[in-house]
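One structure is given below, encoded as structure tokens.
The values are calculated or read from the model by the stated rules, or taken from the named source; none is laboratory data. In this text, all values refer to a predicted model and were calculated from it rather than measured experimentally. Because the Cβ atoms are built from the backbone with ideal geometry, glycine has one as well, and the counts that use them run over all protein chains shown. With ligands, DNA and RNA removed, areas are computed over all heavy atoms of the protein, side chains included. Shrake-Rupley method; radii C 1.70, N 1.55, O 1.52, S 1.80 Å.
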Amino acid sequence: MEVRQTLAQVEFFTALAPEALSRLEQASSLRRLRRGDLLFLEGDPVTHLFVVERGWVKVFKSHPEGRRQLVLHLEGPGSPLAEVAVFLEQARYPASAEAVAPAEVIAVPKDVFLALMDDTPALARAVIRYLARRQRRLIGLLTQVAFQDVFERLVGYLLKRLDREGQGFVLPTNTELAAILGTVPELVSRKLWQLYREGMIRLDDRRVFIPSPGYLKVKFKLPAESEDA
């Protein structure tokens, strides 16, 4: 996929005119990451925001002594990274990012992005709307943790991935998935095995196939997703 095409898929860059998108493309560069490569480290000065072109990148916080990680979110093709960090007063990345599979990431210089916002009111408004929706999604996640059990959260996560990527999407590790769902790896493993044993999912290594998504939605009484979810 071309850099320009990927940038055009980012929610807030759809507001850019073709000439502004070309300016962004010319200033950006492509970074290739192997699995386990770090994109940036918590505390590093913010120099770029990033857009995933291929593969998956996890954003995480580390224990001060390095013994544990808290995975905040996983981002795939077309998703931005560090889009909030560029606005921080201290301008340092508040978390780290690492490729969980071979990935290609577009690096957009912070200064170019901010200059485009100054020059393009439509982009500034689009970014504000994006950040508002992002906050709404975070509140939704907190609500899920508070009011849904692990089984419901797991099924909801699987169905969202299916909607975005289709059958055969690749699961993160149980440790990463547990962090996303607000639980522990052992419980994730048991719930995945139960779904597999009862025929509600098929697993091929870490690839997931869901024979009847509609049945899962009805069985677990999952709410319909809103437009901004």
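Among the residues of the range 72-82, is any within 23 Å of Glu165 (Cα to Cα), in a strand (DSSP E or B) and at pLDDT 90 or above? Quick ask: steps written out before the conclusion?
Step one: list which residues in the range 72-82 are within 23 Å of Glu165 (Cα to Cα), which gives 72-82.
After this cut, where a residue has to be in a strand (DSSP E or B) as well, the list is 72-75, 80-81.
Going one step further and asking which of them are at pLDDT 90 or above, we end up with 80-81.
Among the residues of the range 72-82, at least one is within 23 Å of Glu165 (Cα to Cα), in a strand (DSSP E or B) and at pLDDT 90 or above, which makes the answer yes.
Which of the following residues is outside any loop (DSSP other than H, G, I, E, B), among the aliphatic types (A, V, I, L, M) and under 25 Å from Ala178 (Cβ atoms): Ala107, Ala97, Ala122, Ala20? Show your work before the answer.
Working: Ala107 fails: under 25 Å from Ala178 (Cβ atoms); Ala122 fails: under 25 Å from Ala178 (Cβ atoms); Ala20 fails: under 25 Å from Ala178 (Cβ atoms).
Just one listed residue meets the conditions, Ala97.
Which of the residues that make up the range 28-46 are open to solvent by 40 Å² or more (accessible area, probe 1.4 Å) and more than 20 Å from the chain's Cα centre (by Cα)?
Correct list: Ser29, Asp44, Pro45.
Across the range 89-116, what is the number of residues that are modelled with pLDDT of 90 or more, aliphatic (A, V, I, L, M) and under 22 Å from Leu24 (Cα atoms)?
Final tally of qualifying residues: 9.
Tell me which of these Phe87 doesn't satisfy, since it passes every other one: (1) without any contact (Cβ under 8 Å) to a residue 12 or more places away in the chain; (2) closer than 13 Å to Gly43 by Cα.
Here Phe87 clears every test but (2).
Just the residues that are loosely packed, with under 11 Cβ neighbours inside 10 Å, under 13 Å from Phe151 (Cβ atoms) and at pLDDT 85 or above, please, taken from the range 178-229.
Listed by number, the list holds a single entry, Glu198.
What single numbered condition from (1) more than 20 Å from Glu98 (Cα to Cα); (2) open to solvent by 70 Å² or more (accessible area, probe 1.4 Å); (3) part of a helix (DSSP H, G or I) fails to hold for Thr175?
Single failed check for Thr175: (1).
As an exercise: evaluate Lys110 against (1) free of Cβ contacts under 8 Å to residues at least 40 places away in the same chain; (2) touching a Ser or Thr at 6+ places or on another chain (Cβ under 8 Å) and give the number of the one condition it does not meet.
The single condition Lys110 does not satisfy is (1).
Looking only at the range 47-69, which residues are open to solvent by 40 Å² or more (accessible area, probe 1.4 Å) and either in contact with a helix residue (DSSP H, G or I) (Cβ under 9 Å, 6 or more places away or on another chain) or at positive phi (or both)?
Thr47, Arg54, Gly66, Gln69, listed by residue number.
Output the qualifying pairs, or none if there are none: Cβ atoms under 9 angstrom, residues six or more apart or on different chains, first residue in the range 178-192 and more than 23 Å from Ile139 (Cα to Cα), second residue aromatic (Phe, Trp, Tyr) and assigned to a helix (DSSP H, G or I).
Note: pairs meeting the criteria are Lys191/Phe151.
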